[in-house]
Amino acid sequence: MILPADFFSQNACDVAQALIGKIIRRKFNNQWLAARIIETEAYYLSDKASHSSLGYTEKRKAMFMPAGTIYMYYARGHDSLNISCGNEGDAVLIKSAFPFVDKKSPEKNIKTMQKLNPANNGSLRPLEKLCAGQTLLCKALNLKVTEWDQKQFNKNKFYIEDINITPNKIIQTTRLGIHRDRDAHLHYRFIDYEYVKYSSNNPLTKKMYKEGKEYIILS
């Protein structure tokens, strides 16, 4: 089932958690490229780390548009995918994913994703690294700010699908790259426990991270 706009009309953390296990589909050159969402981050209007907390601008317009609106921006010069949700100014960042294969998106399509997102030396990027970060994900799926910012999902070009995958466990932890004075302590990042080693940053391998403090495991 393609996720309807009202799926995103929930609390941002609830949306971020519910997106784990969902499939992103993107049509490119008559091929449906696909990736399973394994990591997300929630942001709120009241959250100091959120773009919307800085106020409305034309650039941030999508965060103030109806839930389900695509918000894309440049993260260190590269494309990044977010979706507005909950109340005005709230959004979820798709932090990382893992290449997905089924009848609609066969294994040969992964080669297309690897060509779109090659390694720094020009070789094919390893499968486990292909979507392991918000900008790598967008590059592998050919998602661009100029095409999708402030737009709605399109069943013929780009959408997120529920195929009834329910993760057994989800890790809830702090977000990445947040200054300590901008609500860095908030547990607004969600990771599929089964795929945590393919996420952008694995909290389970950090010696200073303790379960029950820096992260919790939801089951």
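Data for the structure
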| quantity | calculated |
| --- | --- |
| Pick from the stretch 121-137, criterion outside any helix (DSSP H, G or I) and touching a Pro at 6+ places or on another chain (Cβ under 7 Å), ranking: surrounded by the most Cβ atoms within 10 Å (Cβ to Cβ) | 131 |
| Among the candidates 191, 170, 163, 217, residue that is in contact with a strand residue (DSSP E or B) (Cβ under 7 Å, 6 or more places away or on another chain) and over 20 Å from residue 41 (Cβ atoms) | 163 |
| Residue within the stretch 56-78 that is among the acidic types (Asp, Glu) and assigned to a strand (DSSP E or B) present | no |
| Residue check, residue 106 assigned to a loop (DSSP other than H, G, I, E, B) and either without any contact (Cβ under 8 Å) to a residue 40 or more places away in the chain or under 15 Å from the mean Cα position of the chain (by Cα) (or both) | yes |
| Verdict on residue 135 being of a type in the set (Val, Ile, Thr) and in contact with a Phe, Trp or Tyr (Cβ under 8 Å, 6 or more places away or on another chain) | no |
| Residues (of a type outside the set (Ser, Thr, Tyr), in contact (Cβ under 8 Å) with a residue 40 or more places away in the chain and over 20 Å from residue 35 (Cβ atoms)) located in the stretch 72-98 | 76, 86, 87, 88, 89, 90 |
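Every read-out reported here was derived from the displayed coordinates using simple, explicitly stated rules and does not represent laboratory data. Just so you know, these numbers come straight off a predicted model, no measurement behind them. Positions of Cβ are generated from backbone atoms using ideal geometry, with glycine treated the same way; all protein chains shown enter the neighbour counts.
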